[in-house]
Amino acid sequence: MTDLVLGARRLGLAAAGLDRVVAAILAILAALALLDPPQAAAAARFAVAALLGVAPWLMLSVGIAAYVAASGADNLIARAFEGRGAAMVMTAALMGALSPFCSCGVIPLIAALLAMGVPLAPVMAFWLASPVMDPSMFALTAGALGMEFAVAKTLAAVGLGLFGGFGVLALGRGGWLADPLRPGVGNGGCGGAKVRNPKPPVWAFWREAARREKFGREALKSVIFLGKWLTLAFLLESLMLAHVPAEMIAGLLGGDGLAPIALATLVGVPAYLNGYAALPLVSGLIEQGMAPGAGLAFLVAGGVSSIPAAIAVWALAKREVFALYLGFAFTGSLAAGLIFQAVQ
């Protein structure tokens, strides 16, 4: 009896600890196997073929992420917050778009910056730009949607950061927004340490055993993270292509003008899964008739103002800062989509 109880307990712990993304993948495949076996096989084949197709870009993305972590290049983020005024906003927007942040996430880092007294304007610039693009995201975006789209998304990230940073800079001249944090917010833990005590990167990391080990750990972690999210995304894309009429997508999100891009911006907030998983979905939507500008607006808006990110900002910052964050995110994403559509 004791063995049965222990066995059941172990099974319960294993089920509880099952990764939610892996659980979703297994649930989709199981449901398809029961309800539509041919579609289950087709979805699995589609996901495998898509993963093989994106594998070179995936490996490049993994290598970049592991190199940044092993070399300590993410410490360069601290330099974005040196200087004053407009120069600091421009540097913060650029660093936010091009530099990945630590595994603690951007929210603790932002908490540390604000708690240390860094002005809100450059912090907002970094805050808005960082979820949209980084070197790993650039590689996968180029693989999934093409180099032109990857460059456009990078420019959108920098532009969004500049828009928010200079907007806060203008609003803060009268002393408003001088104290943006909610009472009781901490100093950001390990995210703040990179700003408080930045260390120079070790570009030739392979000369140190500890850094070589870190490279291996980070590479494995990135492979697992990206692999499971992309697998889920490709399964969803296969279902979308099989069951969502292309005419409906083209009618709602295709064509020129403001309406499809505005709709994609609004839909991007609740529908966004993950920056990496969204890429195959947008690729599939564009194949079915979605306007490229709407696709860019969806990716930018979803990355900045998805529900999990918005909840974190709500918990961290005061209401007026939260409102500004969402306002800049929506307006900047819409503008990015319109500009990209205009130059197509």
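The values are calculated or read from the model by the stated rules, or taken from the named source; none is laboratory data. Given the structure is predicted, the values throughout are model-derived calculations rather than measurements. No Cβ is skipped: glycine too gets one built from the backbone with ideal geometry, and neighbour counts run over all protein chains shown.
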Legend entry - Pairs, first more than 14 Å from Ala242 (Cα to Cα) in region 30-44, second surrounded by 10 or more Cβ atoms within 10 Å (Cβ to Cβ), C-beta under 7 Å, six or more apart: Ala33/Ala40
Inset, instruction - Say whether the condition of being assigned to a helix (DSSP H, G or I), over 28 Å from the mean Cα position of the chain (by Cα), loosely packed, with under 11 Cβ neighbours inside 10 Å and at pLDDT below 90 is met by at least one residue in region 38-57. - result: no
Inset, instruction - Please identify the pairs in which a residue from region 9-29 that is assigned to a helix (DSSP H, G or I) has its Cβ atom under 9 Å from the Cβ atom of a residue that is loosely packed, with under 10 Cβ neighbours inside 10 Å and at pLDDT below 80, counting only partners at least 6 apart or on another chain. - result: Ala23/Ala15
Inset, instruction - Look through Leu326, Leu235, Leu273 and report the one residue that is surrounded by 15 or more Cβ atoms within 10 Å (Cβ to Cβ), modelled with pLDDT of 85 or more and closer than 16 Å to Val132 by Cβ. - result: Leu326
Inset, instruction - Would you check if Gln288 is closer than 27 Å to Ala139 by Cβ, modelled with pLDDT of 85 or more and of a type outside the set (A, V, I, L, M)? - result: no
